[in-house]
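J.: Sharing a structure below in structure tokens format, with a few things to ask.
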Amino acid sequence: SQKIEQNSEALNIQEGKTATLTCNYTNYSPAYLQWYRQDPGRGPVFLLLIRENEKEKRKERLKVTFDTTLKQSLFHITASQPADSATYLCVGNTNAGKSTFGDGTTLTVKP
Amino acid sequence: EAQVTQNPRYLITVTGKKLTVTCSQNMNHEYMSWYRQDPGLGLRQIYYSMNVEVTDKGDVPEGYKVSRKEKRNFPLILESPSPNQTSLYFCASSGVYQETQYFGPGTRLLVL
């Protein structure tokens, strides 16, 4: 069955550094990948979307890449701040409407 | 304000007592979906709907029913809840290309 794996359950970094989160997909080829942020007890909030024919997307301090050869997406937060501390979810989507979420990576940015 | 609403937000029930969790969106979105979130298992898709009267199974549909009679509403029905359906449930909606999903605030369900 189609699977999304986020390699790290937790990531701790120092304020000002770049956080890099990894997402790998197996047993299918998602038409696009999305990244969401989720704070405790809240619903996920959309951050970025990248399609299979795109290599890289940016939005302010966020950058996402999509490597169809490695079957991987990388999500970067540059100049990280304590306010970026949250759980980040990778989602693989098919054009038929199916969404598969990874388990998430909990990022902690220390001052 | 554009939003997805879910009711109730918290529910404690007993095994076998039918319940419905409502979901409504005011953004005229075609696509709606239900997820459950459990510790260590992430969000798993239960059912989704590409449009009115069109629904499809996600990864974990057993024990759930849905209907999409109107564009704005997508209720989740548990005909005979069991303790393994204790979870945090999220409803989401998005536009015609199923891109950005807007999530509701979640419904925390406990089945005794």
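J.: List the aspartates and glutamates whose Cα sits under 13 Å from the Cα of B:Lys17, skipping any in the same chain fewer than 8 residues away.
T.: Those aspartates and glutamates meeting the cut-off are B:Glu79.
J.: Treating cross-link reach as a plain straight distance, find the aspartates and glutamates whose alpha-carbon is under 18 Å from the alpha-carbon of B:Lys71, omitting any fewer than eight places away in the same chain.
T.: Cross-link targets: B:Glu1, B:Glu30, B:Glu53, B:Asp56, B:Glu99.
J.: How large is the dipole of chain A about the Cα centre if only Lys and Arg carry +1 and Asp and Glu carry -1, each at its Cβ, rounded to the nearest 20 debye?
T.: The dipole of chain A has a size of about 200 debye.
J.: Could you state the per residue volume, in Å³, of the convex hull enclosing the Cα atoms of the protein assembly as shown? Don't skip to the end; give the middle numbers.
T.: On the way: hull volume 26.9 nm³, N = 223.
Measuring per residue, one finds 121 Å³ for the Cα hull of the protein assembly as shown.
J.: How much length, in nm to one decimal, is gained on full extension between B:Arg108 and B:Val14, taken as 0.36 nm per residue of separation minus their Cα-Cα distance?
T.: Extra length from B:Arg108 to B:Val14 when fully extended: 32.4 nm.
J.: With the contact rule set at Cα under 8 Å and sequence spacing of 6 or more, what percent relative contact order holds for chain B?
T.: Across chain B, relative contact order equals 36 percent.
J.: Order these by the 10 Å Cβ neighbour count, fewest first: B:Thr15, B:Thr86. Please list the in-between numbers first.
T.: Details: B:Thr15 11, B:Thr86 16.
Listed from fewest to most nearby Cβ atoms, that is B:Thr15, B:Thr86.
J.: Then there's this: Using a/c under 1.5 as the rounded threshold, could you call chain B rounded, prolate or oblate? The axes a ≥ b ≥ c are square roots of the C-alpha gyration tensor eigenvalues, and prolate needs a/b larger than b/c, oblate otherwise.
T.: prolate
J.: Additional query: As a footprinting exposure proxy, order B:Met50, B:Met32, B:Met27 by other Cβ within 10 Å, with the fewest listed first.
T.: Fewest-to-most Cβ neighbours within 10 Å comes out as B:Met27, B:Met50, B:Met32.
J.: Next question, about the same structure. Where Lys and Arg each count +1 and Asp and Glu each count -1, what net charge lies around A:Leu47 among other residues with Cβ under 9 Å from its Cβ?
T.: +2
J.: Now a separate question. Within 10 Å of each residue's Cβ, count the other Cβ atoms and sort B:Ser82, B:Ser33, B:Ser87, B:Ser67 from fewest upward.
T.: The fewest-first ordering by Cβ neighbours comes to B:Ser82, B:Ser67, B:Ser87, B:Ser33.
J.: Which pairs, out of A:Lys57/A:Lys110; A:Lys57/B:Lys57; A:Lys3/B:Lys18; A:Lys55/B:Lys57, put more than 29 Å between their alpha-carbon atoms?
T.: In this structure, A:Lys57/B:Lys57; A:Lys3/B:Lys18; A:Lys55/B:Lys57 exceed 29 Å between Cα atoms.
J.: While we're here: Rank A:Lys17, A:Lys57, A:Lys98 by mean-square fluctuation in a GNM of chain A with C-alpha springs under 10 angstrom and give only the top-ranked residue.
T.: A:Lys98
J.: Further, regarding this structure: Assuming 0.36 nm per residue, please report the length gained on full extension of the stretch A:Leu70 to A:Ser8 beyond their Cα-Cα distance.
T.: Numbers: separation 62, 0.36 × 62 = 22.32 nm, distance 1.72 nm.
Gain in length upon complete extension: 20.6 nm.
J.: Now a separate question. Please report the relative contact order for chain A, taking Cα pairs under 8 Å with a sequence separation of at least 6, and give it as a percent rounded to a whole number.
T.: About 37 percent, as a whole number.
Any read-out appearing in this document is the output of simple, stated calculations on the displayed coordinates, not a laboratory observation. As the structure is a computational prediction, the values presented were derived from the model and not from experiment. Glycine gets a Cβ as well: all are built from the backbone with ideal geometry, and neighbour counts include every protein chain shown.
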